[in-house]
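These notes are about the structure you will find just below.
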Amino acid sequence: GVNAAGELGNGTTATSLAPYVVVTGLADAERIVAHGSQSCALKATGEVACWGLNNHGQLGDGTTTNRLTPTLVSGVIDAIDVSVGNDHGCIAHADGTVSCFGSNAIGQLGDGTGADHSTPAPVINLIDAIEVCVGAYHSCALLTSGQVGCWGDGTYGELGTRLYDVSYVPAMVSGLTDAVHLACGGHHSCAVRAGGQVACWGADWSGQLGDGGTANQASPVAFSGVDNAVQLALGWDFSCVRRSTGAVACAGQGDSGQLGDGACAGTATPVAVGGLSDAVDLAAGINHACAVRATGSLVCWGDNEYGQLGDGTRTHR
């Protein structure tokens, strides 16, 4: 994929089509997250290492220097989850707290200020978080109670409270008390509910909430036709859901093939990703998605302008 700021982590700024390049000096990663021009890994030690663009301190290492190889986020030794957005990131800690770093122009770090932080700053009033997700300019955390708290930009309903909202501290998503998994897209978020249904809120201009319409929603609406969801992956303006069967369904913008249904058209109701029935893990970039299959192989679809599908071409799939 693209590597202008070192986001591939191999010590260069050269774009890679195929084969893939190995991230330098990282041997104990338990989870990888990437968005825009930065990437981070949750390590087996509870540390977090990040690399790529760092103009707002979004790598959390106390500097604003781009990193071509992984560098540790300052002071973090007990991370259980990490997520990155346009130019900020957040970490859930083992004690239930959340800390964030990077750009804070719209309160997306949740510390009650509008000041950027190049090292993690504690999010106010969160003590029981178990998962975090980060969008373009908003952040959310899943709590042990099944509630979800969000902060930052809520222009399109991203906070799950009301439209055109902004909050510098966490606000509870309206009417959601049974969430078990959480994901953020560019300007929307979704949660898997305890029964396997999916609830989404925020921007819906491309139908990315999967509710059959295109009206922005300030409170959760049902991602239609899905009642056996186990995992979510949200792109800029599309959403994908992995079902317990291993099938994947997507909704929203599809002009680059990111819905995986063989077309280059969007839809406001979920469509099945073609030929995929054994997915065990799922991830999405801005306009592409990938799934790990039960065999251990990796399949990707959507935008391939920078070779991010890993097939050695720049052809959308």
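The values are calculated or read from the model by the stated rules, or taken from the named source; none is laboratory data. Note that this is a predicted model, so its numbers are computed, not measured. Every residue, glycine as well, gets a Cβ built from its backbone with ideal geometry; the counts of neighbours run over all protein chains shown. Quick note on the areas: whole protein, heavy atoms, side chains included, nothing else; ligands and nucleic acids left out. Shrake-Rupley method; radii C 1.70, N 1.55, O 1.52, S 1.80 Å.
Scanning segment 104-122 for residues that are touching a residue at least 40 places away in the same chain (Cβ under 8 Å) and open to solvent by 10 Å² or more (accessible area, probe 1.4 Å) gives Ile106, Asp111, Gly112, Thr113, Gly114, Asp116, His117, Ser118, Thr119, Pro120.
Residues of segment 123-145 that are over 14 Å from Ile80 (Cβ atoms) and either open to solvent by less than 10 Å² (accessible area, probe 1.4 Å) or within 20 Å of the chain's Cα centre (by Cα) (or both): Val123, Val134, Gly135, Ala136, Tyr137, His138, Ser139, Cys140. With respect to Gly225, is the statement that it is open to solvent by less than 10 Å² (accessible area, probe 1.4 Å), under 24 Å from Asn287 (Cβ atoms) and part of a loop (DSSP other than H, G, I, E, B) true? Taking the combined requirement at face value, the residue does not satisfy it. The residues on offer are Gly312, Gly257, and the sole one that is part of a loop (DSSP other than H, G, I, E, B), buried (at least 22 other Cβ atoms within 10 Å of the Cβ) and at positive phi is Gly257.
Scanning segment 72-85 for residues that are open to solvent by less than 30 Å² (accessible area, probe 1.4 Å) and not hydrophobic (A, V, I, L, M, F, W, C), we see that the one that is nearest to Gly6 (Cα to Cα) is Gly85.
Restricting to segment 60-100, what's the tally of residues that are without any contact (Cβ under 8 Å) to a residue 40 or more places away in the chain and either among the hydroxyl-bearing types (Ser, Thr, Tyr) or not in a strand (DSSP E or B) (or both)? Before the answer, list the steps.
We begin by selecting, within segment 60-100, every residue without any contact (Cβ under 8 Å) to a residue 40 or more places away in the chain; these are 65, 71-72, 77-79, 93, 95, 97, 99-100.
In the following step, the residues that additionally are either among the hydroxyl-bearing types (Ser, Thr, Tyr) or not in a strand (DSSP E or B) (or both) were identified as 65, 71, 77-78, 95, 97, 99.
The total comes to 7.
Give the residue, chosen from Gly157, Gly210, Gly149, Gly175, that is over 25 Å from His288 (Cα atoms) and within 18 Å of the chain's Cα centre (by Cα).
Details: Gly157 fails: over 25 Å from His288 (Cα atoms); Gly210 fails: over 25 Å from His288 (Cα atoms); Gly175 fails: within 18 Å of the chain's Cα centre (by Cα).
One residue alone meets the criteria, Gly149.
Figure legend. Inter-residue proximity from segment 198-224: first residues on the phi < 0 side of the Ramachandran plot, second residues basic (Lys, Arg) and buried (at least 17 other Cβ atoms within 10 Å of the Cβ), beta-carbon distance below 7 Å, spacing 6+ or different chains. Indicated pairs: Ala199/Arg193. For segment 260-301, give me each residue that is open to solvent by less than 20 Å² (accessible area, probe 1.4 Å) and under 16 Å from Gln231 (Cα atoms). Answer for segment 260-301, where residues must be open to solvent by less than 20 Å² (accessible area, probe 1.4 Å) and under 16 Å from Gln231 (Cα atoms): Val273, Leu276, Ala279, Leu282, Gly285, Ala289, Ala291.
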